[in-house]
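Undergrad: Take this structure first; my questions come after.
The values are calculated or read from the model by the stated rules, or taken from the named source; none is laboratory data. Worth saying up front: this structure is predicted, and the values here are computed from it rather than measured. In this analysis, Cβ positions are derived from the backbone assuming ideal geometry, glycine residues included, and neighbour counts consider all displayed protein chains.
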Amino acid sequence: MKVIGILWLRQLKRYFRSKARMLGSLGQPILFLVALGFGFGPIFEKAGGGNYLQFLAPGIIAMSILFTATFMGIEVIWDRQFGFLKETLVAPVPRWKIMLGRTLGGATVAVMQGIIVLLISLLFGLQISNWLMVPLALLFMFLIAILFTAVGTAIACLIDDMHGFQLIINFLIMPLFFLSGALFPLTGLPSFVMVIARLNPLSYGVDGLRETLVNLSYFNIFGNIIVLGVISFIFVIIGAYLFSKIEA
């Protein structure tokens, strides 16, 4: 547990040292909230969908967690290229503990990013329907963060090139985001799009956040927790296995 805690704190220190990274990661969520929330808001309301900012904000929170968590994997490549990973791997501890510590640290950073975007959304006009559900919203944030930090780490274990990692991650996370229901309702979509949305783990995270924050949902909240929890566990196991095979 001590090793896991040390690596968790290390990830947090890295994040807070880079002020430019902290501020830069907020640019895209704010742009989406302003451009889409206020730009498409009147159209969405005329179509009978209600307040679009209320609908959009949970999806943007999930997006900020998705991007932050997945790109945490690039630190594995960074550490490998500059020799820091070798120093970590020679420690007399199981590698799965190293991977778990890094994953928990990256997930914590991603959740903090999501909380910041949530606070910004409140400033823009988001109204939380039931404050008692906020702890459940934090649980969904954490599950999304754990899942995609593990995904990013697993991919980084297979790739030793930063540019290749960024290309693959962008190719992966953009479809996950756009086909998760973050920007549009899942009701009334073509059947093939619905199949993709149901196979997309982020859909359950977005739906869970939307239900806990603004009382709008498509799936069942307990089903969302179970699906996210199971998939997160599977990818942590996969990430731990791949990390155990990594060569510094």
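Undergrad: Scan segment 182-225 for residues that are part of a helix (DSSP H, G or I) and of a type outside the set (Val, Ile, Thr) and report the count. Working first, answer last.
TA: First pass over segment 182-225, keeping only residues part of a helix (DSSP H, G or I): 191-199, 201-214, 221-225.
Next, only the ones that are of a type outside the set (Val, Ile, Thr) stay: 191-192, 194, 197-199, 201-205, 207-211, 213, 222-224.
Counting residues in segment 182-225 that are part of a helix (DSSP H, G or I) and of a type outside the set (Val, Ile, Thr) gives 20.
Yes/no per residue for (1) basic (Lys, Arg); (2) in contact with a Cys (Cβ under 6 Å, 6 or more places away or on another chain); (3) outside any helix (DSSP H, G or I); (4) at pLDDT below 85:
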{"position": "Ile6", "(1), (2), (3), (4)": "no, no, no, yes"}
{"position": "Tyr15", "(1), (2), (3), (4)": "no, no, no, yes"}
{"position": "Gly24", "(1), (2), (3), (4)": "no, no, no, yes"}
{"position": "Gly27", "(1), (2), (3), (4)": "no, no, no, yes"}
{"position": "Gly37", "(1), (2), (3), (4)": "no, no, no, yes"}
{"position": "Pro42", "(1), (2), (3), (4)": "no, no, no, yes"}
{"position": "Gly49", "(1), (2), (3), (4)": "no, no, yes, yes"}
{"position": "Leu56", "(1), (2), (3), (4)": "no, no, no, no"}
{"position": "Leu66", "(1), (2), (3), (4)": "no, no, no, no"}
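Undergrad: For Ile238, state whether it is touching a residue at least 60 places away in the same chain (Cβ under 8 Å) and under 18 Å from Gly114 (Cβ atoms). Steps first, please.
TA: Details: touching a residue at least 60 places away in the same chain (Cβ under 8 Å): yes; under 18 Å from Gly114 (Cβ atoms): no.
No.
Undergrad: With the requirement that a residue be surrounded by fewer than 21 Cβ atoms within 10 Å (Cβ to Cβ) and either touching a residue at least 60 places away in the same chain (Cβ under 8 Å) or touching a Pro at 6+ places or on another chain (Cβ under 9 Å) (or both), what does segment 211-234 give you?
TA: Just the residues of segment 211-234 that are surrounded by fewer than 21 Cβ atoms within 10 Å (Cβ to Cβ), to begin with: 215-223, 225-227, 229-231, 233-234.
Hits for segment 211-234 are Asn215, Leu216, Tyr218, Ile221, Ile225, Val227, Gly229, Ile231.
Undergrad: Quick check on my filter: what residues within segment 45-77 are at positive phi and crowded, with 22+ Cβ neighbours inside 10 Å? Reasoning before the result, please.
TA: Filtering segment 45-77 for residues at positive phi gives 48, 50.
Once the filter is applied, which keeps residues that are at positive phi and crowded, with 22+ Cβ neighbours inside 10 Å, segment 45-77 yields nothing.
Undergrad: If a residue must be touching a Phe, Trp or Tyr at 6+ places or on another chain (Cβ under 9 Å) and either closer than 18 Å to Phe67 by Cα or modelled with pLDDT under 90 (or both), how many such residues does segment 209-219 contain?
TA: Number satisfying all stated conditions: 3.
Undergrad: Which one is surrounded by the most Cβ atoms within 10 Å (Cβ to Cβ), of the residues in segment 114-156 that are under 21 Å from Ile98 (Cα atoms) and not hydrophobic (A, V, I, L, M, F, W, C)?
TA: Thr149
Undergrad: Of all residues in segment 148-164, which are part of a helix (DSSP H, G or I) and more than 20 Å from Arg95 (Cβ to Cβ)?
TA: Of all residues in segment 148-164, those part of a helix (DSSP H, G or I) come to 148-158, 162-164.
Passing the criteria: Phe148, Met162, His163, Gly164.
Matching residues to (1) within 23 Å of Trp78 (Cα to Cα); (2) of a type in the set (A, V, I, L, M); (3) in contact with a Leu (Cβ under 9 Å, 6 or more places away or on another chain):
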| position | (1), (2), (3) |
| --- | --- |
| Thr149 | yes, no, yes |
| Ile155 | yes, yes, yes |
| Pro175 | no, no, no |
| Phe178 | no, no, no |
| Leu186 | no, yes, no |
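Undergrad: Okay, next question. For segment 157-184, give me the residue count where each residue is buried (at least 21 other Cβ atoms within 10 Å of the Cβ) and in contact with a Phe, Trp or Tyr (Cβ under 6 Å, 6 or more places away or on another chain).
TA: Qualifying residue count for the region: 1.
Undergrad: Using the structure shown, decide if Phe177 is in contact with a helix residue (DSSP H, G or I) (Cβ under 6 Å, 6 or more places away or on another chain) and part of a helix (DSSP H, G or I).
TA: Values: in contact with a helix residue (DSSP H, G or I) (Cβ under 6 Å, 6 or more places away or on another chain): yes; part of a helix (DSSP H, G or I): yes.
Considered against the rule, which asks whether it is in contact with a helix residue (DSSP H, G or I) (Cβ under 6 Å, 6 or more places away or on another chain) and part of a helix (DSSP H, G or I), Phe177 comes out as yes.
Undergrad: Scan segment 185-205 for residues that are among the aromatic types (Phe, Trp, Tyr) and either in contact (Cβ under 8 Å) with a residue 40 or more places away in the chain or surrounded by fewer than 13 Cβ atoms within 10 Å (Cβ to Cβ) (or both) and jot them down. Lay out the reasoning, then the answer.
TA: Filtering segment 185-205 for residues among the aromatic types (Phe, Trp, Tyr) gives 192, 204.
Hit for segment 185-205 is Phe192, nothing else.
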